[in-house]
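Since the structure comes first, as structure tokens, the remarks are kept for the end.
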Amino acid sequence: MTTSDLKPHLNRDHGHALLAEMIRIRRFEDKCAELYTQEKIRGFLHLYNGEEAVAVGTIPLLGAKDRVVATYREHGHALARGVPMKDIMAEMYGKAEGCAGGRGGSMHLFSKDVNFYGGNAIVGGGLPMATGLALADKMEPQDAVTACFFGEGAVAEGEFHESLNLAALWKLPVLFVCENNSYAMGTALDISEAETDISAKARSYTIKSEVVDGMDVVAVEAAARRALHHIRETGEPYFLECRTYRFRAHSMFDAQLYRTKEEVEAWRAKGPILRFQNWLEESGLIHPEDVLEITAEVDKEIAEAVSFAEAGKPEPIEYLTKYVMAPERPAPPAETVSSGEPVETTYREAVKAGIVEAMTQDDRVFLMGEDVGRYGGCYAVSKGLLDTFGPDRIRDTPLSESGFTGAGIGAAIAGMRPIVEVMTVNFSLLALDQILNTAATYRHMSNNQFGVPVVIRMATGAGKQLAAQHSHSLEGWYAHIPGIRVLAPATLEDARGMLSTAIKDPDPVLIFENVMLYNRSGQLAANAGAVDIDKAAIRRAGTDISLITYGGSLFKALDAADELAKENIDAEVVDLRSLRPLDMETIIASVTKTHRALIVDEGWKSGSLAAEIGMRLAEEAFYELDAPLARVCSEEVPIPYAQHLEEAAIPQTPKIVAAVKTLLSRS
């Protein structure tokens with residue numbers, strides 16, 4: 001963009017185009033409101049009426065490679081970006097021909113063709129993803145800008161602050177556009193924010209920022225030109241606070257009890273379409289008949305879009321689960337025949353070797369997280385990797401789990417292969433929004449337009465006397481979520497090889513590393529490499545009972561099997577390895593052989609993974625059982641600090657042995 005491009009050129013053609021696009025958005029949404037009252041559009045419907053100048057003044061300036069992230073009030077952004085109106089309308093109708101196959105609806109419009117990364121129904125939820133998209137463009141230089149739109153309500157969210165901090169810290173090419181319409185749903189800005197100058201918040205992160213009259217399309221375009229020029233020249237973020245107003249309700253359910261009709265009418269009098277149209281007519285750049293022509297053309301397009309949507313077909317019910325996961329995955333790695341002299345190593349070093357292999361084989365792979373670089377990782381897994389790969393690929397982050405996890409997710413959507421390290425599973429709850437609402441849903445919700453090939457690693461489990469906020473086993477919670485894979489490596493081979501396979505997977509993979517395994521040592525084949533991540537493994541064959549477990553409890557179960565063998569009880573030990581999806585085929589085959597099952601799970605008993613496995617066995621293998629199903633889980637208590645209490649709180653070998661004996665006595 002040259003200096004001459006920094007100001008809008010308001011000739012007849014450009015003025016006509018700006019006005020036409022604002023009218024197009026306004027009349028499309030008016031039609032949507034009408035269709036909503038007829039119950040042809042359902043769910044929430046958030047209209048952009050009154051805010052059109054922001055999208056129209058900004059988005060047409062973006063190039064084809066640039067990216068757009070929007071909010072749930074995104075019809076105007078999608079239209080301005082070039083998503084076909086008929087595809088948007090079909091999506092509002094929930095039809096298969098919609099821009100997301102009817103899976104997203106009004107709040108979740110997507111188009112890979114025009115780099116439109118969807119509306120986000122979580123307030124502020126798109127900010128970390130936008131930061132990650134920009135990070136990808138910086139790491140693999142694309143000369144692209146990510147434009148992220150959000151309302152002023154988002155500035156109260158932690159993700160707003162975490163994302164701005166990351167963008168400023170890493171100098172990322174993000175255009176942040178705050179559409180300040182004065183109300184977060186029904187809460188006025190001065191009720192929710194101590195500092196109502198939102199641009200000041202951006203400046204506090206050293207981001208160049210300005211306030212714009214969001215009701216003036218020319219002012220918005222001029223500011224957007226300055227912003228994009230700055231970003232393309234410096235590679236650094238820019239922040240626009242566009243002060244605007246929505247004329248309609250927050251959504252179609254909103255009774256608008258929080259504002260007066262007089263206030264709305266006062267804003268309508270300075271609305272962006274009325275204001276710009278009057279100026280164009282007074283300047284002689286357009287005439288009333290031009291407006292009539294624009295309106296007729298727009299109404300024709302709207303009518304065609306409605307006809308297209310009404311003629312569309314619902315997605316067949318048998319496609320309900322299609323695209324929860326990628327339809328195609330790389331073939332599982334071939335089994336490796338051990339060769340060479342085995343090496344003595346630890347679980348920690350095995351995980352590290354997997355990371356090194358992944359980063360060596362693929363330049364798109366990078367590691368990010370708290371203290372992964374200079375500190376070497378909380379559990380020393382990444383010690384020395386900063387010297388090997390440098391700070392771009394071993395990326396220390398602030399203590400902002402939602403922000404950096406979301407950034408990793410965004411980078412993955414853009415084509416990178418991030419490994420995100422969250423220090424402990426308890427901390428991951430701060431990133432749960434990004435994992436559940438973005439990583440796990442994006443493929444299905446976008447109708448397979450966008451995948452999220454991110455790997456998220458975290459330590460889990462108790463035994464280190466770290467008390468309740470560092471010691472829980474929450475992997476079972478994550479195993480509840482469709483759209484992700486959940487792995488629990490227990491052996492050195494899996495610690496070494498699961499990550500190598502996971503990093504090539506097209507879907508999000510969460511890897512839970514039990515803290516009590518990091519120091520565990522043993523022999524590992526010199527040529528150890530990638531391993532299958534779909535199948536459970538029989539770690540000890542037996543005939544009398546199946547001990548079904550994973551992660552840190554595996555070796556307790558193996559020790560229990562050795563103790564039981566002294567009393568002529570032959571226990572088979574099944575290592576789940578994958579917690580989602582579960583390999584029920586291997587589990588059922590084991591139970592079919594032994595006719596008894598004890599599930600050992602370090603999670604709490606209520607709503608546990610053990611309960612899920614037990615129920616599936618009851619559903620699928622009930623007549624193979626010669627005894628009731630049983631389980632050993634953690635006690636229903638926050639993990640305590642005192643060593644004797646901590647040990648009593650989680651499964652231990654004596655508990656497993658006792659449970660087996662009780663079960664056999666009931667057979």
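Among the residues in segment 314-334, are any more than 23 Å from Leu79 (Cβ to Cβ), charged (D, E, K, R) and in contact with a Pro (Cβ under 7 Å, 6 or more places away or on another chain)? The answer is yes, given that some residue of segment 314-334 is more than 23 Å from Leu79 (Cβ to Cβ), charged (D, E, K, R) and in contact with a Pro (Cβ under 7 Å, 6 or more places away or on another chain). All of Gly614, Gly552 fail the test of being buried (at least 24 other Cβ atoms within 10 Å of the Cβ) and modelled with pLDDT of 95 or more, apart from Gly552. Contact annotation: residue pairs with Cβ atoms under 8 Å, 6 or more positions apart or on different chains, pairing a residue in segment 649-662 that is over 15 Å from Ser634 (Cα atoms) with a partner that is assigned to a loop (DSSP other than H, G, I, E, B) and of a type in the set (A, V, I, L, M, F, W, C), are Val660/Ile569; Lys661/Ile569. Being at pLDDT 95 or above, closer than 18 Å to Cys242 by Cα and surrounded by fewer than 21 Cβ atoms within 10 Å (Cβ to Cβ) holds for only one residue in Leu18, Leu61, Leu35, and it is Leu61. If you filter segment 242-284 down to residues that are of a type in the set (Gly, Ala, Ser) and at pLDDT below 90, you find that the one that is farthest from Ile23 (Cα to Cα) is Ala255.
Within the set Val486, Val452, the sole residue that is touching a strand residue (DSSP E or B) at 6+ places or on another chain (Cβ under 7 Å) and either among the hydrophobic types (A, V, I, L, M, F, W, C) or not in a loop (DSSP other than H, G, I, E, B) (or both) turns out to be Val486.
Can you name every residue in segment 457-470 that is in contact with a helix residue (DSSP H, G or I) (Cβ under 7 Å, 6 or more places away or on another chain) and either within 18 Å of Thr405 (Cβ to Cβ) or open to solvent by 20 Å² or more (accessible area, probe 1.4 Å) (or both)? Break it down stepwise before answering.
Just the residues of segment 457-470 that are in contact with a helix residue (DSSP H, G or I) (Cβ under 7 Å, 6 or more places away or on another chain), to begin with: 458-465, 469-470.
Within segment 457-470, Met458, Ala459, Thr460, Gly463, Lys464, Gln465, Gln469, His470 meet the criteria.
To keep it simple, each residue is scored yes or no on (1) in a loop (DSSP other than H, G, I, E, B); (2) open to solvent by 20 Å² or more (accessible area, probe 1.4 Å); (3) within 22 Å of Gly607 (Cα to Cα).
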{"site": "Gly497", "(1), (2), (3)": "no, no, no"}
{"site": "Ser546", "(1), (2), (3)": "no, no, yes"}
{"site": "Asp559", "(1), (2), (3)": "no, yes, no"}
{"site": "Asn568", "(1), (2), (3)": "yes, yes, no"}
{"site": "Val573", "(1), (2), (3)": "no, no, no"}
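Looking at the structure I just gave you, is Arg417 open to solvent by less than 30 Å² (accessible area, probe 1.4 Å), in contact with a helix residue (DSSP H, G or I) (Cβ under 8 Å, 6 or more places away or on another chain) and basic (Lys, Arg)? So Arg417 does not fit the description; no. Within segment 177-229, the residues that satisfy the criterion of being in a loop (DSSP other than H, G, I, E, B), among the aliphatic types (A, V, I, L, M) and either at pLDDT 95 or above or surrounded by 17 or more Cβ atoms within 10 Å (Cβ to Cβ) (or both) are Ile207, Met215. If only residues of segment 137-158 that are of a type in the set (A, V, I, L, M) and buried (at least 24 other Cβ atoms within 10 Å of the Cβ) are counted, the one that is farthest from Ala184 (Cα to Cα) is Val145.
Residue-wise test of (1) surrounded by fewer than 19 Cβ atoms within 10 Å (Cβ to Cβ); (2) in contact (Cβ under 8 Å) with a residue 12 or more places away in the chain; (3) more than 18 Å from Arg417 (Cβ to Cβ).
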residue	(1), (2), (3)
Gly476	no, yes, yes
Arg485	no, yes, no
Thr501	no, yes, no
Val509	no, yes, no
Arg520	yes, yes, yes
Gln523	yes, yes, yes
Ala528	no, yes, yes
Asp532	yes, yes, yes
Arg539	no, yes, yes
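Yes or no: segment 589-606 includes at least one residue that is closer than 20 Å to Ile533 by Cβ, of a type in the set (A, V, I, L, M), touching a residue at least 12 places away in the same chain (Cβ under 8 Å) and open to solvent by 10 Å² or more (accessible area, probe 1.4 Å). Scanning segment 589-606, I find no residue that is closer than 20 Å to Ile533 by Cβ, of a type in the set (A, V, I, L, M), touching a residue at least 12 places away in the same chain (Cβ under 8 Å) and open to solvent by 10 Å² or more (accessible area, probe 1.4 Å), so the answer is no. On the stretch given as segment 108-121, residues that are open to solvent by 30 Å² or more (accessible area, probe 1.4 Å) and within 16 Å of the chain's Cα centre (by Cα) total 1.
Residue count for segment 425-449 under the criterion of being in contact with a helix residue (DSSP H, G or I) (Cβ under 8 Å, 6 or more places away or on another chain) and either surrounded by 23 or more Cβ atoms within 10 Å (Cβ to Cβ) or part of a loop (DSSP other than H, G, I, E, B) (or both): the result is 10.
Any idea how many residues of segment 400-426 are within 21 Å of Ile122 (Cβ to Cβ) and not polar (S, T, N, Q)?
Taking segment 400-426 first, the residues within 21 Å of Ile122 (Cβ to Cβ) are 400-414, 418, 420, 422.
From what's left, not polar (S, T, N, Q): 401, 403-404, 406-414, 418, 420, 422.
Residues that pass the stated criteria total 15.
For segment 255-283, the set of residues classified as over 20 Å from Ala53 (Cβ atoms), open to solvent by 40 Å² or more (accessible area, probe 1.4 Å) and in a loop (DSSP other than H, G, I, E, B) consists of Ala255, Gln256, Leu257, Tyr258, Thr260, listed by residue number. All conditions but one from (1) of a type in the set (A, V, I, L, M, F, W, C); (2) touching a Ser or Thr at 6+ places or on another chain (Cβ under 6 Å); (3) under 22 Å from Val123 (Cβ atoms) apply to Leu429; the one that does not is (2).
Please state which one of Glu620, Glu646 is touching a residue at least 12 places away in the same chain (Cβ under 8 Å), surrounded by 16 or more Cβ atoms within 10 Å (Cβ to Cβ), assigned to a helix (DSSP H, G or I) and of a type in the set (Asp, Glu).
Glu646
For segment 40-72, name all the residues that are among the polar types (S, T, N, Q) and assigned to a loop (DSSP other than H, G, I, E, B).
Residues of segment 40-72 among the polar types (S, T, N, Q): 49, 58, 71.
Result: Asn49, Thr71.
The values are calculated or read from the model by the stated rules, or taken from the named source; none is laboratory data. Note that the coordinates shown come from a computational prediction; the quantities given were computed from them, not determined experimentally. For neighbour counting, all protein chains shown are included, and Cβ atoms are generated from backbone atoms with ideal geometry for every residue, glycine included. Just the protein is used for accessible areas: all its heavy atoms, side chains included, with ligands, DNA and RNA removed. Shrake-Rupley method; radii C 1.70, N 1.55, O 1.52, S 1.80 Å.
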